[in-house]
Amino acid sequence: MSSLKPFGSRQTAVVRRLDLGEGIQLQANVNRDSNSSITTIELLNCSRPLILHWGCICREKNHWVLPNHYPPGTKIYKGEALQTPFAKKGATYSITIELHDPKFDAIEYVLKDEKHHKWFKSSQGNFRINIPKFEARASCAMIPRDIIEQKAYLIWERKGRPTNPPQDKEEDYETALRELNDQLLRGMSMDEIRRSLKNQDVHTVSGFKELQMPGNTIIAAVYHRQYDVSQWLAKKSLGHMKGTPLCGSSLVNLVEKTLGADNVKMRQIYNIGNNELVVLLKNVSSESHIILAVNLKGYTVLHWGVSRTSAGEWLVPPPEILPERSKMLNGACQTTFKEISDGQKQFQYVDINLRGGQLLGVQFVLWSGGSWLKNNGSNFYIGLKSLEQAGEKVSGEGNKIEICKWLLDEIAQREKDAERSLMHRFNIATELMECCQHERELGLIGMLVWLRFMACRQLCWNKNYNVKPREISAAQDKFTDLLQRTYQDQKDDRENLRLIMATVGRGGQGDVGQRIRDEILILQRNNDCKGGMMEEWHQKLHNNSSPDDVIICQALLDYVRSNFDLNIYWRTLNSNGLTKAILASYDRPIVSEPHFRADQKQGLIHDLSEYLKTLKAVHSGDDLESAIATCLAHLNENYGFMNTGNGHSDGYFSLKLKENLNFIQANAGDKNIVPFMEKLLETRIELRGLLFGATRRLKDFIYLDLALELALKTCIEKSFSELKKAPIQGIMSMVSLMLENLCLSTVNNEELIFITKDWYRVCNIFKANDQQWSLQTKAVLDRMQLALADKAQYYLKMIQPTAEYLGKLLRVETCAVASFTEELIRTGSGTTLAILINHLSPILRNIANLGSWQIISPVEVCGFVDCVNKLIEVQSKVFNRPTILVTNRVTGEEEIPYGVVGVLTPDMPDVLSHVAIRARNNKICFASCFDQDIIQDLKSKKGKEISITLKTSGLIYSEFKSSSSSNKLSSFCPRVTLRKKNFSGKFAISAEEFSCEMVGAKANNIEYIRGKLPSWIKLPRSVALPFGVFETSISSDVNKDLAKKISLFKGLVNGGDIAKLQMIRDAILEMKAPFQLMNELKLKMKKSFLYWPGDESEKRWNQAWQAIKKVWASKWNERAYLSCRKAKLDHDALCMAVLIQEVISADYAFVLHTRNPLSGNPHEIYTEIVKGLGETLVGAYPGRAMSFVTNKSALNSASIIGYPSKQIGLFVKKSLIFRSDSNGEDLDGYAGAGLYDSVTMDEMEKVLLDYSSDPLISDKSFQQSIFKKLAEAGKIIEGVYGGTAQDIEGVVKDGEIYIVQTRPQI
């Protein structure tokens, strides 16, 4: 079990220094704690790189053992040693070796000078670094229950033995846990703690029985070990996406360098021994070519054929596509490879010009060195159909939906053959998997959907065909072997491969399948049960064994154990989806019920239990007992041990892994499930190295990992009935387990890793009933929910279209198709985690006094309820009666539609986002709801009229019953007019020239405060393209054709065709810059000491010009146009200036209102702050900003009301930003906030955020300093404007405050 690390427990070895000769010295430094050691080896006075040739020594072995983790760049040498190059750091070369197994006693090594073919050795042989022993001071997996009770009793006694309400009793337990935790971390052992409790005269806790563990729950308040989850990071590689270069192949680079890399539609790489085969499909002069290249030596021949209607076909290629050096044989073509060189390296290739032929694919093998070369025993296959078809369809809304259409059509065509038996199905699956390898994710999704339809009994398993169990098992084995190879080769696709493997058993060669047939005969003979139901089952097993047999065997076993209760037999069958109708539908039907004698009971229990293991070995890949037995059996028969699980060795187990598996076997079914769950997770972590490196029996390790994941998920779900009685820390431990479980199963898990680190942080600072702690913890839960929602949405987008297309072809039940992805999601750990979150979240909200609502725009309204998925989907709609929208998603990009008086959402838009500001400006009620029951109730009122009132407790709604209510719109509509601005004759102006006739409020406001602020408040340098520059530029000679096009589109838009707005924007992006504009802008920017991009290159100027055009084009974005129309503004009178400023590479960005927008209190400053640039805040990116309120009379005492949960931050290098600055923003009664675009010259980088060490959260002094500066800056700027409340935007860089925008707060 896990252990605790006391503070100050790391021990440091004496530094060792050696003279290697030639003036070179080696220095080694070892640090050791209870679980790991870190060895740093440095070369001093060394001018050339050397290689460390090394291994580890442990007391049980007399040879080198290779560790599981080793430094970057390390290579395995002949499976016996590691070779790690020294990396240069400053003037020295060094290597850091981190070992995670305490059993290692030493590192032995020699040094290799590869350049001079020289070795550095000790006079006694190998050099040796001894790793010091660690004397553990405290180790425990969990605090024993009796110690917690005694400690809690003492706490209760200290309080004077009050009559505690239940929540106070729970608090005593939590306090006890925290104090015990502190004692352990200070180095006290459990025995010392016991003695200290006895010394305090705690003889009994009988008088404290009412203070038992709440509800006697199995979710105990225990320590949960925290792992270095950063080591589990698994990112997707762009190099593995379809049609992109594959990393790690020098042959691919050589081929593309020599033959050209343009217009490549597909790349495939195959390993042939120590050589490679590269397949490229590319367009050459509008014709498709297949390039096959090998780095084999000597005479090589391509033996090939084509397929037209089925991937399994081998037809003679048509004569017109035969390359040179080809000859025809009976049923095939043979083409000799041609040798080519780039001047340094050589390879051989064949170029096949397909000449537009309608082919499905090409099959081939190679002849070289006197033997045939195949793809793991099968033909190589190149699928072509998917490259002719777009592989996509377009939904009614115009959303792009991707499917691998050719594969799904092929599956549907082959289904009639597949339904004959599972042997046929698995053989066809193997063939199709080979054919669709290059399709990557979409191909795997197609296979997943087909096989899951099969596993859910939506497809026929057996139809008029007898097949031996060993034949089914062998077909399964071949298919899962292919899945294993694909898992090794396609690391980015491992999630989908795991889902596929979870639908099929592992299978097996030899006697594995035959035992199903043989052992049922033995079972019948031993127990004298050769007739009735048992004979019917025997015939079914001989005819066509399937996963149903596992359920039947389990039902029989439950029936016998229950003293032959037939109700138990049918309950087991029915709960697993087997009915009388299904049993009777087999080719060899089972229509009888089992009947046994009492004297048969013990023999049947023994024999059925053993037979169940045999069935699971073939059919149940994710069964834990079977998976462990299979791995341990292979271990005992064929495998050796290593002292640590070496992920890159050929299938070695670690001793720790074997011990864990033995523990799990011995403790399955133990009522105390906490240690069992911890061990399940620990075993997955230990197994992880094998999943990334094993080559022998890798699929058995994958199936074991699937079984461990499922077992942990199942254990936690069994505890759900205890959640209401569980302590908070117990629930948090469950959340930790499921988070870690999910991290280990997820490819591209960086977001989950960061969430887990932050979750550890809040677990470590737990304070019972503490408001600030609950706010922080709730923010982490919010981010978890976002991550789970994103994953679910991704599955729906990628998998559901395939399910719908293939389901229709195969005539699958409509309900099974509709719920396919939803049911698939439910099988994963994410759903279990979501249930825990939904239970814990209201507890935290209650502690933090948050209630169920956050009011963003406090307006009381009446209206008719309507429901939409996304607000943006209806932003152009006009509602003819007052409407309150209940919407699942608010992106921040929307304009709230005309006629909407209220927006209620479970989403979490920021209070100071642009969409929130516009809602307050337009007197629209806007609120977030955190209670799904309330959201569902609101949705149930669709079409009904409700009234919304605001109370101190939150938002109150009720059905509007007054018959005198009016259906007419009475929503706030500002009276605003725009005056068109004229071109001043200047294409660019400096800040000193800013005026209301030249630029908008953004530029004027920032220039107004310049010189009026203290020096510690910084302002960016600025210039502008004034009003009229766009109109003048578009009417210039270089753009006159575009001007006509735009005029035409504007007429269509004014006529109601809003879709033409996009065409106007596209036309503006084609504009050319008039010479006078570029020349004047250059002079003004240089005079203002702003970076001029044209000095760097023409490309950089083009980037700047493109950004300028995007700002101008944003006048015609949909939300801006609709907002103008709703406010009855003349869109033609809207003019767009462009404010150009230097970009501050921000650490944080903030928006503050100097009058609290939630309460209207003029004495409070409300601030929201995010990491990176401010677009994630004002644009309402998913998640919440950090928010706090500061009283103007106490700037040192900010009150935090929300912690950050945003997933990403936006960052950009030193650059320029081009801000929209129209005459239609910051007007009295019309804010126009965020309607138009501001664009950085360089693209902003999206970075996943790690809050676990963010100083704004964890460093209180830094936090207080920044908060005070922001509040003080707001108060000063408000004072500059004579006390008028301000809406201020800015950034923080290296602790300094920069103001980029201020305007009157509306």
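The values are calculated or read from the model by the stated rules, or taken from the named source; none is laboratory data. Since the model is a prediction, treat every value here as computed from it, not as a measurement. Here the Cβ positions follow ideal geometry from the backbone for every residue, glycine too, while neighbour counts run over all protein chains shown. SASA here: full protein model, heavy atoms, side chains in, ligands and nucleic acids out. Shrake-Rupley method; radii C 1.70, N 1.55, O 1.52, S 1.80 Å.
Descriptive notes on the structure:
- When restricted to residues that are within 24 Å of Asp790 (Cα to Cα), assigned to a strand (DSSP E or B) and in contact with an Asp or Glu (Cβ under 7 Å, 6 or more places away or on another chain), the range 849-885 contains 1.
- Residue within the range 299-306 that is open to solvent by 50 Å² or more (accessible area, probe 1.4 Å), within 30 Å of Ala429 (Cα to Cα) and of a type outside the set (Val, Ile, Thr) present: no
- Residue count for the range 405-427 satisfying the condition of being open to solvent by less than 40 Å² (accessible area, probe 1.4 Å), under 24 Å from Gly505 (Cβ atoms) and without any contact (Cβ under 8 Å) to a residue 60 or more places away in the chain: 6.
- Residue among Ile935, Ile917, Ile946 that alone is buried (at least 24 other Cβ atoms within 10 Å of the Cβ) and either in contact (Cβ under 8 Å) with a residue 12 or more places away in the chain or over 31 Å from the mean Cα position of the chain (by Cα) (or both): Ile917
- From Asp770, Asp705, Asp782, residue being among the acidic types (Asp, Glu) and either open to solvent by 40 Å² or more (accessible area, probe 1.4 Å) or closer than 23 Å to Leu177 by Cα (or both): Asp770
- If you go through the range 871-906 and keep only what is open to solvent by less than 20 Å² (accessible area, probe 1.4 Å) and of a type in the set (D, E, K, R), you end up with Glu894, Glu895.
- Test: residue in the range 353-366 that is open to solvent by 60 Å² or more (accessible area, probe 1.4 Å), of a type in the set (A, V, I, L, M, F, W, C) and outside any loop (DSSP other than H, G, I, E, B): no
- Matching residues, the range 1253-1306, being closer than 22 Å to Pro1157 by Cβ, out of contact with any Ser or Thr (no Cβ under 8 Å at 6 or more places or on another chain) and part of a strand (DSSP E or B): Gly1290, Val1291, Val1292, Ile1297, Ile1299, Val1300, Gln1301, Thr1302, Arg1303
- Residues of the range 325-347 that are over 23 Å from Gly260 (Cβ atoms) and open to solvent by 40 Å² or more (accessible area, probe 1.4 Å): Lys327, Met328, Leu329, Asn330.
- Flag if Leu578 is of a type outside the set (Asp, Glu) and part of a helix (DSSP H, G or I): no
- Picking from residues in the range 473-504 that are assigned to a loop (DSSP other than H, G, I, E, B) and not small (Gly, Ala, Ser), the one that is most open to solvent (accessible area, probe 1.4 Å) is Thr503.
- Within the range 1067-1084, not a single residue is part of a strand (DSSP E or B), surrounded by 16 or more Cβ atoms within 10 Å (Cβ to Cβ) and over 35 Å from the mean Cα position of the chain (by Cα).
So that you can scan it fast, the table gives a plain yes or no per residue for (1) touching a helix residue (DSSP H, G or I) at 6+ places or on another chain (Cβ under 6 Å); (2) aliphatic (A, V, I, L, M); (3) more than 21 Å from Ile1257 (Cβ to Cβ):
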site	(1), (2), (3)
Leu742	yes, yes, yes
Asp758	yes, no, no
Cys763	yes, no, no
Asp770	no, no, no
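- Here Val306 does not qualify as touching a Lys or Arg at 6+ places or on another chain (Cβ under 7 Å) and either in a loop (DSSP other than H, G, I, E, B) or within 27 Å of Ile411 (Cβ to Cβ) (or both).
- Taking residues in the range 1158-1177 that are within 20 Å of Gly954 (Cα to Cα) and in contact (Cβ under 8 Å) with a residue 40 or more places away in the chain, and partners anywhere that are of a type in the set (Val, Ile, Thr) and buried (at least 24 other Cβ atoms within 10 Å of the Cβ), the pairs with Cβ atoms closer than 8 Å and at least 6 places apart or on different chains are Leu1158/Ile856; Leu1158/Val911; Tyr1166/Val911.
- Cβ-Cβ distances below 7 Å connect the following pairs, each with a first residue in the range 568-595 that is basic (Lys, Arg), a second residue that is open to solvent by less than 50 Å² (accessible area, probe 1.4 Å) and assigned to a helix (DSSP H, G or I), and a separation of six or more residues or different chains: Arg588/Glu536; Arg588/Lys540; Arg588/Asn543.
- When Ile765, Ile755, Ile837 are checked against the criterion of being open to solvent by 60 Å² or more (accessible area, probe 1.4 Å) and under 29 Å from Asp228 (Cα atoms), Ile765 stands alone in meeting it.
- Residue check for Ser928: of a type in the set (Ser, Thr, Tyr) and more than 31 Å from the chain's Cα centre (by Cα): no
- So Leu82, is it surrounded by 19 or more Cβ atoms within 10 Å (Cβ to Cβ), modelled with pLDDT of 85 or more and over 36 Å from the mean Cα position of the chain (by Cα): no
- Among the residues of the range 1140-1169, the ones that are over 14 Å from Glu1272 (Cα atoms) and either among the hydroxyl-bearing types (Ser, Thr, Tyr) or touching an Asp or Glu at 6+ places or on another chain (Cβ under 6 Å) (or both) come to 5 in all.
- The single condition among (1) of a type outside the set (Asp, Glu); (2) open to solvent by 30 Å² or more (accessible area, probe 1.4 Å); (3) at pLDDT 90 or above that Ser965 does not satisfy is (3).
- Filter result for the condition that a residue is farther than 19 Å from Lys981 by Cβ and either buried (at least 19 other Cβ atoms within 10 Å of the Cβ) or not acidic (Asp, Glu) (or both), over Ser1114, Ser1022, Ser1047, Ser1033: Ser1047
- Among (1) open to solvent by less than 10 Å² (accessible area, probe 1.4 Å); (2) touching a Gly at 6+ places or on another chain (Cβ under 9 Å) - the single one Thr777 does not satisfy: (2)
- Residue list for the range 408-422, filter: touching a helix residue (DSSP H, G or I) at 6+ places or on another chain (Cβ under 7 Å) and closer than 25 Å to Val362 by Cα: Leu408, Glu410, Ile411, Ala412, Arg414, Asp417, Ala418
- Here the range 428-443 is the region considered, the condition is being touching a Cys at 6+ places or on another chain (Cβ under 8 Å) and assigned to a helix (DSSP H, G or I), and the residue that is surrounded by the most Cβ atoms within 10 Å (Cβ to Cβ) is Gly443.
- A search for C-beta distances below 8 Å between a residue of the range 862-883 that is more than 17 Å from Ser928 (Cα to Cα) and any residue that is of a type in the set (Lys, Arg) and part of a strand (DSSP E or B), counting only pairs 6+ apart in sequence or on different chains, returns Gly863/Arg881; Phe864/Arg881.
- Within the range 786-809, if we keep just the residues that are among the hydroxyl-bearing types (Ser, Thr, Tyr) and surrounded by 16 or more Cβ atoms within 10 Å (Cβ to Cβ), the residue that is nearest to Glu402 (Cα to Cα) turns out to be Thr802.
- Pairs, first under 14 Å from Leu444 (Cα atoms) in the range 789-809, second surrounded by 16 or more Cβ atoms within 10 Å (Cβ to Cβ) and of a type in the set (S, T, N, Q), C-beta under 8 Å, six or more apart: Tyr795/Thr821; Ile799/Thr821; Gln800/Thr821; Ala803/Thr821
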